[in-house]
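See structure below.
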Amino acid sequence: MKYTKECPTCKEDFTTDVHNKKYCSEHCSREKWAEMRRTGNRSVYPNKYFKNKHCRWCSDLFTPRGPSNHYCSEECSKKGQKDTYYLRNYDIGYREYLTLLDSNNGGCWKCDKSKEDNTKLILAVDHNHKTGQVRGLLCTDCNMAIGKLGDDIKGLREALNYLEQAEERK
């Protein structure tokens, strides 16, 4: 099958056997790309032929800039990445994480530290490493303390016994 097209660089008509050939010659192709580099207009998808689709995070309708553009904004993209992370590592979505965060007013479930106390507070998802079940959200200190004590009740009891014995020795 033969296709007749117009070269976007020299505006001449040309015939080709290939349906997706865009330029009449290699020279015209190089000229067009050189012009795009000079002007700063280097859109990889110059035809902008992508159909509108729904954002994977907020479901708003938007026009994607490329085939792998799934989010309507940078903010939705970041939330989508967090959602993927929490699903992959803890089997909860980012929305569930936010629900857990709100359930304790944004504070650590053990010591109750909150953003007001510490602006750099990051709450980790505390989970049982054997079952994968999420227990809550803990500040870094509490999460590491539980982990260092063996992540089980036995380790915590041994630490408690040690502290009680040390107190008695005073």
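The values are calculated or read from the model by the stated rules, or taken from the named source; none is laboratory data. Only a predicted model underlies this, so the values are computations on that prediction, with no experimental measurement involved. Virtual Cβ from ideal backbone geometry, glycine too; neighbours counted across all protein chains shown.
Within region 141-148, identify whether any single residue is over 27 Å from Gly106 (Cα atoms), among the basic types (Lys, Arg) and modelled with pLDDT under 90, and answer yes or no.
From region 141-148, those over 27 Å from Gly106 (Cα atoms) are none; that's our starting set.
Taking every residue of region 141-148 in turn, none turns out to be over 27 Å from Gly106 (Cα atoms), among the basic types (Lys, Arg) and modelled with pLDDT under 90.
Yes or no: Cys58 surrounded by fewer than 14 Cβ atoms within 10 Å (Cβ to Cβ) and in contact with a helix residue (DSSP H, G or I) (Cβ under 6 Å, 6 or more places away or on another chain)?
Considered against the rule, which asks whether it is surrounded by fewer than 14 Cβ atoms within 10 Å (Cβ to Cβ) and in contact with a helix residue (DSSP H, G or I) (Cβ under 6 Å, 6 or more places away or on another chain), Cys58 comes out as no.
Answer with yes or no whether Ser68 is modelled with pLDDT under 90 and within 16 Å of the chain's Cα centre (by Cα).
yes
Looking at region 112-170, which of its residues are farther than 28 Å from Tyr94 by Cβ, in contact with a Leu (Cβ under 7 Å, 6 or more places away or on another chain) and among the small types (Gly, Ala, Ser)?
Passing the criteria: Gly155, Ala159.
Go through Gly155, Gly107, Gly132, Gly150 for me and flag whichever is surrounded by 12 or more Cβ atoms within 10 Å (Cβ to Cβ) and under 24 Å from Tyr85 (Cα atoms).
Working: Gly155 fails: under 24 Å from Tyr85 (Cα atoms); Gly132 fails: surrounded by 12 or more Cβ atoms within 10 Å (Cβ to Cβ); Gly150 fails: under 24 Å from Tyr85 (Cα atoms).
Gly107 is the lone residue from the list that is surrounded by 12 or more Cβ atoms within 10 Å (Cβ to Cβ) and under 24 Å from Tyr85 (Cα atoms).
Quick one: how many residues across region 104-132 are over 22 Å from Asp151 (Cβ atoms) and among the polar types (S, T, N, Q)?
Residues meeting the conditions: 4.
Name the pairs: first residue in region 49-62 and assigned by TED's automatic domain parsing to the domain that holds Lys82, second residue part of a loop (DSSP other than H, G, I, E, B) and exposed (fewer than 13 other Cβ atoms within 10 Å of the Cβ), Cβ to Cβ under 6 Å, at least 6 apart or on different chains?
These pairs meet every condition: Asn52/Thr63; Leu61/Asn52.
Scan region 35-45 and give yes if some residue there is among the acidic types (Asp, Glu), modelled with pLDDT of 90 or more and surrounded by 10 or more Cβ atoms within 10 Å (Cβ to Cβ), otherwise no.
Within region 35-45, not a single residue is among the acidic types (Asp, Glu), modelled with pLDDT of 90 or more and surrounded by 10 or more Cβ atoms within 10 Å (Cβ to Cβ).
So which residues in region 124-145 are in contact with a helix residue (DSSP H, G or I) (Cβ under 8 Å, 6 or more places away or on another chain) and in contact (Cβ under 8 Å) with a residue 24 or more places away in the chain, if there are any at all?
Passing the criteria: Val125, His127, Gly132, Val134, Gly136, Leu137, Leu138.
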